[in-house]
Amino acid sequence: MLETFGCRPVQSTRRLRALNAGMILLMLGATRLLAQQGLNSISSEVARVFESAKNAVVRIQAEDEHGRLSGTGFFIDPSGTIMTAYAVGGESRDIIVEFGPNRYPAERLVADPRSGIAILRLTATTPWLPIGDSDELKMASPVVTIGYPMDLSVTPTFGMIGGFDLKYLNQYFSTTLIRANIAAQRGEAGAPVLNLKGQVVGILIFPIDNRTACYALPMKAAEKVRTDYVRFGEVRPGWVGVNVVESEEPTHDSNVVIQSFAAGSPGMESGLQPGDVLVRIGSMAIHSPPDVLNASFFLTADEDVPITVLRDGKEISVTVTAAEHPTFLQQKLPLFAPANRENSERLRASD
C-alpha cells in the first residue's frame, strides 16, 4: 500500500508537467499566431490607405536663400490646390511640382508662418484627398503619413498619435499641434497625416526628438487658413485683446479669469469685465489659460465671436467683433520661433 501510494504521485506529476508544457507551447503558438495576424492586419490597412491616397501626394522642389529644397504636398481639391509645410512653400521660389510623370510650375496662394503651412496651385485636373475630422483623434490613434523622403519614391509610414501639445521646449505654438510617433525624414515636410479611413487629419510640419516623432498641424486649423483665403484672398487672424490669469480654484470647470484688456482692443468695449471667469470662446470650451490661446487661433478679423463668462455665479454671453491681430500685422507672428525654422530645415532634402 505504501509502495502504491509512493508511485502514483510521481506518475501523475510527470503527466501534469507534460500537460502543462503542452499547454504552454499551445498558448505560445496561439500568441504568435495572433501577433502575426495583428501585424498582417496592420500591414493590410496601411497598404490600403497608401494605394488609395498616393496618387494625390506630390513631390515639391524649389529654391530659397539656402539653395535647393525638396518637400511633400498633397491635393485638397480636383483643381490643383496643394497644401504643404511653410518650410517648403512659404518663402521659396521657382516652385515645381512632380505630379505623376509630369512636372508643373506652381504658384503660391498662401504663406502662413503662424500656422506653419503654405497653399499652392498648379493648372491641372487632379486627384485629391478627403479631409477628416482631426478632433476625432485620440491618444494612440493609428495614422499613416505618405511622403517623399530623401529624394526617394513616394513612401508610407505607420505610427500612432503620441499627444496634443500647445508648447514645446518652453515655447508656445499658435494652436495645439498633433504629436505623432512617426520618424519623419528629410523631404517629408508637408506630407499628409491620414487616419485609417484614408482621410487627411493633419499636415506634417517639423520633426522632434531626434526624428523619432514629428508635429503636425490639425486639418481643422489648416482649413481655417484655407477658408480665410477663399473668403478674403488672405489669412485674417482675429484679436480680442483679453489678458487672463489662472485662478487657484476652478469655477464651473474653468480656472481662467479675465485680468485686463489691451489698450484699444475690442475687448475693452465689449461688456466683459475684469474678474469674469471665461467659459467659452466661440464654439470652444475654456478650462485653462492654454485653451484661450488655442481658441484665439480660430478668430477671424472683423467677424463676431460669442464669448461666455461667469459673473457673480451667473452665465453671461457677449458678442465681440474681433480686430486684426496687431502682432501678426507687425511681425507675421511665426508658429514657433526660432526653433521652427531650424527644425523645419532638417526635413528638407538639400544639396
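Applying the set (1) within 16 Å of ALA85 (Cα to Cα); (2) assigned to a strand (DSSP E or B); (3) in contact with a Leu (Cβ under 7 Å, 6 or more places away or on another chain) to ARG179 leaves exactly one unmet item: (3).
Open to solvent by 10 Å² or more (accessible area, probe 1.4 Å), of a type in the set (Ser, Thr, Tyr), within 21 Å of PHE50 (Cβ to Cβ) and touching a Ser or Thr at 6+ places or on another chain (Cβ under 8 Å): which single residue out of THR157, THR145 fits that description? Reasoning before the result, please.
On the way: THR145 fails: open to solvent by 10 Å² or more (accessible area, probe 1.4 Å).
Only one candidate qualifies: THR157.
Assess whether THR123 counts as being open to solvent by 30 Å² or more (accessible area, probe 1.4 Å), in contact with a Pro (Cβ under 9 Å, 6 or more places away or on another chain) and free of Cβ contacts under 8 Å to residues at least 24 places away in the same chain. Give the steps one after another, and end with the answer.
On the way: open to solvent by 30 Å² or more (accessible area, probe 1.4 Å): yes; in contact with a Pro (Cβ under 9 Å, 6 or more places away or on another chain): yes; free of Cβ contacts under 8 Å to residues at least 24 places away in the same chain: no.
No.
Identify the single condition in (1) of a type in the set (Asp, Glu); (2) part of a strand (DSSP E or B); (3) touching a helix residue (DSSP H, G or I) at 6+ places or on another chain (Cβ under 6 Å) that GLU188 does not satisfy, given that it satisfies every other one. (2) is the only condition that GLU188 fails.
Here is a yes/no grid of residues against (1) of a type in the set (A, V, I, L, M, F, W, C); (2) within 23 Å of GLY73 (Cα to Cα); (3) buried (at least 19 other Cβ atoms within 10 Å of the Cβ):
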| residue | (1), (2), (3) |
| --- | --- |
| ALA180 | yes, yes, yes |
| LYS197 | no, yes, no |
| VAL235 | yes, yes, yes |
| GLY238 | no, no, yes |
| VAL242 | yes, no, yes |
| SER247 | no, no, no |
| ASP253 | no, no, no |
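TYR104 fulfils the conditions (1) at pLDDT 95 or above; (2) under 25 Å from the mean Cα position of the chain (by Cα); (3) surrounded by 13 or more Cβ atoms within 10 Å (Cβ to Cβ) except for a single criterion, (2).
Consider SER174 carefully, then state whether it is more than 30 Å from ALA47 (Cβ to Cβ), touching a Pro at 6+ places or on another chain (Cβ under 7 Å) and of a type in the set (S, T, N, Q). Show your work before the answer.
Working: more than 30 Å from ALA47 (Cβ to Cβ): yes; touching a Pro at 6+ places or on another chain (Cβ under 7 Å): no; of a type in the set (S, T, N, Q): yes.
For SER174, the condition - more than 30 Å from ALA47 (Cβ to Cβ), touching a Pro at 6+ places or on another chain (Cβ under 7 Å) and of a type in the set (S, T, N, Q) - is not met.
If you check ARG48 against the conditions, is it of a type in the set (Lys, Arg) and in contact with a Ser or Thr (Cβ under 9 Å, 6 or more places away or on another chain)?
Details: of a type in the set (Lys, Arg): yes; in contact with a Ser or Thr (Cβ under 9 Å, 6 or more places away or on another chain): no.
So ARG48 does not fit the description; no.
From the list ASP291, ASP304, the lone residue that is open to solvent by 40 Å² or more (accessible area, probe 1.4 Å) and modelled with pLDDT of 95 or more is ASP304. Flag: ALA216 matches the condition of being surrounded by 24 or more Cβ atoms within 10 Å (Cβ to Cβ), at pLDDT 95 or above and assigned to a strand (DSSP E or B). Going residue by residue through segment 268-281, is there one that turns out to be over 26 Å from GLN171 (Cα atoms), among the hydrophobic types (A, V, I, L, M, F, W, C) and either modelled with pLDDT under 95 or open to solvent by 60 Å² or more (accessible area, probe 1.4 Å) (or both)? Checking segment 268-281: at least one residue is over 26 Å from GLN171 (Cα atoms), among the hydrophobic types (A, V, I, L, M, F, W, C) and either modelled with pLDDT under 95 or open to solvent by 60 Å² or more (accessible area, probe 1.4 Å) (or both).
Cβ-Cβ contacts under 6 Å between residues 6 or more apart (or on different chains), taken from a first residue in segment 57-69 that is open to solvent by 10 Å² or more (accessible area, probe 1.4 Å) to a second residue that is of a type in the set (A, V, I, L, M), are listed as GLN61/ILE96.
Restricting the search to segment 255-267, which residues are open to solvent by 50 Å² or more (accessible area, probe 1.4 Å) and either touching a residue at least 24 places away in the same chain (Cβ under 8 Å) or touching a strand residue (DSSP E or B) at 6+ places or on another chain (Cβ under 7 Å) (or both)? Steps first, answer last, please.
Applying the first criterion (open to solvent by 50 Å² or more (accessible area, probe 1.4 Å)) to segment 255-267 yields 259, 263-264.
Of everything in segment 255-267, just one residue is open to solvent by 50 Å² or more (accessible area, probe 1.4 Å) and either touching a residue at least 24 places away in the same chain (Cβ under 8 Å) or touching a strand residue (DSSP E or B) at 6+ places or on another chain (Cβ under 7 Å) (or both), namely GLN259.
For segment 191-213, how many residues are farther than 16 Å from GLY163 by Cα, modelled with pLDDT of 90 or more and in a loop (DSSP other than H, G, I, E, B)? Qualifying residue count, segment 191-213: 5.
The values are calculated or read from the model by the stated rules, or taken from the named source; none is laboratory data. Fair warning: this is a prediction, and the values are worked out from it, not measured in the lab. Methodologically, a virtual Cβ is constructed for each residue, glycine included, from the backbone with ideal geometry; neighbour enumeration extends over all protein chains shown. With ligands, DNA and RNA removed, areas are computed over all heavy atoms of the protein, side chains included. Shrake-Rupley method; radii C 1.70, N 1.55, O 1.52, S 1.80 Å.
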